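> Mind looking over this structure? Questions follow.
Derivation of every value follows stated rules applied to the coordinates shown; laboratory data play no part. The structure presented is a predicted model; accordingly, all values stated were derived computationally and were not measured. Cβ sites come from the backbone with ideal geometry, for glycine too, and all protein chains shown count toward neighbours.
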């Protein structure tokens, strides 16, 4: 990290912390104020959305606040980020519960007070690829990420070691109460009645190498021209990426989009799910349908990012290095594929299948205030 960047971060940390302290001493935590905050989306999604709904349905006078901001790295977005950060620090200083679902930079710059309790409800389930402080070099930043969490609420007990390491938090403050966003799956049908068949491809974000994802998308779409059956193809582009300039040249059966909420709505209707390293494979296992892996950069990704598990062995899914191989598998193997690997993955992923994850999380959090 260069000297200028270190200086900027040092100044930013001082400004953010002083602003937070001022807000705290002027106002302080307001009774029953609960803040839902994300810098991942322009609206609440996934775990935050499900838990927010639970709070809204409660027969109590909670003071519920929402802050959503999506940082897309543009110049205008950088200005918006500063404003959103200051607003979030005011919300933090005046909240009894401050609930987030992803990396949240302003939080890490302050000396937080104990009565502003922060809850991390991470947007993904499981512990496949490394994240947070488990990544190389993450511990050495001027502003150490993933600090100031009071509680981390996760989906399964088996994932606790990974989250403890990723967030450098005591294991006693990592609780496997179930992910609120999975509750809706308990009401979903496992049958698919639509035709033609639907395929969803969801490549993972690669920090510092976004262009490679666009290349993989182009390769996949080109190879998909050799599908022998009619398919509706959906390609989900990660929120941190810019949409590839492909929309104008797409065939009518190809849908390129950038909306995590749309992904969740699509999943129950998808016949085949393709990804590289996304934890959506765990969520999709609930429907007991084929999961394929398109991982052309597996060796590089494992070296620079890494996994908490033996990735291929853990998923048990067929994996391919070339898009043409993926399409050939869909044409030739998928119709008769043995799905025992998907069913085993489902059993590991869903320890709570009662549809009451949101209620468990809500009960725990409301007992804190």
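> Pop a pseudo-label 7 angstrom from the Cα along the beta-carbon direction at both residue 225 and residue 322 and give the gap in nm to one decimal.
Taking the two extended label points, one gets 1.6 nm.
> Another question, if that's okay. Measure nothing but the geometry: give the 0 to 90° angle between the long axis through the Cα atoms of 3-26 and the longest principal axis through the Cα atoms of the chain, rounded to 10°.
Between helix and principal axis, roughly 60 degrees.
> When the Kirkwood hydrodynamic radius is evaluated over all pairs of different C-alpha atoms of the chain, what value in angstrom, to one decimal, is obtained? Could you put the intermediate results ahead of the total?
Values: mean 1/r = 0.0458 Å⁻¹.
For the chain, the Kirkwood estimate is 21.8 Å.
> Assuming a ≥ b ≥ c are the square roots of the Cα gyration tensor eigenvalues, decide whether the stretch 187-349 counts as rounded (a/c under 1.5), prolate (otherwise, with a/b larger than b/c) or oblate. Please list the in-between numbers first.
Working: a/c = 1.35, a/b = 1.04, b/c = 1.31.
Because its axes are fairly even, with a/c under 1.5, the stretch 187-349 counts as rounded.
> Could you compute the FRET efficiency for residue 76 and residue 4, with r as their C-beta to C-beta distance and R0 at 22 Å, rounded to 0.05?
With R0 = 22 Å, the Cβ-Cβ based efficiency is 0.45.
> I want to check the label-to-label distance for residue 195 and residue 111. Put each point 7 Å from Cα in the C-beta direction and report it in nm to one decimal.
A separation of 6.9 nm, rounded to one decimal place.
> Turning to a different aspect of this structure: Out of all DSSP beta bridges in the chain, what portion is antiparallel? Express it as a percent rounded to 5.
Working: 1 of 38 bridges.
The antiparallel fraction comes to roughly 5 percent.
> By how many degrees, between 0 and 90 and to the nearest 10, does the Cα long axis of helix 46-57 differ from the longest principal axis of the chain?
Roughly 60 degrees, rounded to the nearest 10.
> Expressed in nm to one decimal, what extension gain is obtained for the pair residue 150 and residue 258 from 0.36 nm per residue of sequence separation less their Cα-Cα distance? Don't skip to the end; give the middle numbers.
On the way: separation 108, 0.36 × 108 = 38.88 nm, distance 3.15 nm.
Taking residue 150 through residue 258 to full extension adds about 35.7 nm, to one decimal.
> Further question on the same structure: With each run of n ≥ 4 DSSP H residues scored as -39500 (n - 2.57), what mean residue ellipticity at 222 nm is computed for the chain after dividing by its residue count and rounding to the nearest 500 deg cm²/dmol? If you can, show how the numbers build up before the last one.
Values: 13 runs with 136 residues, N = 369.
So the helix-based figure for the chain works out to -11000 deg cm²/dmol.
> Can you compute the FRET efficiency between residue 303 and residue 249 using 1/(1 + (r/R0)^6), with r the Cβ-Cβ distance and R0 = 41 Å? Round to the nearest 0.05.
Taking R0 as 41 Å, the efficiency between residue 303 and residue 249 is 0.75.
> State the extension gain, in nm to one decimal, for the chain segment bounded by residue 43 and residue 205, taking 0.36 nm per residue of separation less the distance between their alpha-carbons.
Numbers: separation 162, 0.36 × 162 = 58.32 nm, distance 1.99 nm.
Here the segment from residue 43 to residue 205 would lengthen by 56.3 nm.
> Using 7 Å Cα-to-Cβ label points, what is the residue 27/residue 218 separation (nm, one decimal)?
4.8 nm
> Given the options 252, 351, 106, state which has the largest fluctuation in a GNM of the chain using a 10 Å cut-off (strictly under) for Cα springs.
Per the Cα network of the chain with a 10 Å cutoff, 252 tops the list.
> With everything on Cα atoms, drop me the angle between helix 340-349 and the longest principal axis of the chain, reported from 0 to 90° to the nearest 10.
With rounding to tens, the tilt is 10 degrees.
> Here's another thing I want to ask about it. Using a 7 Å offset from Cα along Cα-Cβ at residue 366, what residues in the stretch 60-76 end up with backbone N under 16 Å from the label point?
60-65
> Let me ask another. Run the numbers for residue 142 and residue 312: contour at 0.36 nm per residue of separation, minus the present Cα-Cα distance, in nm.
Working: separation 170, 0.36 × 170 = 61.20 nm, distance 3.50 nm.
Here the answer is 57.7 nm.
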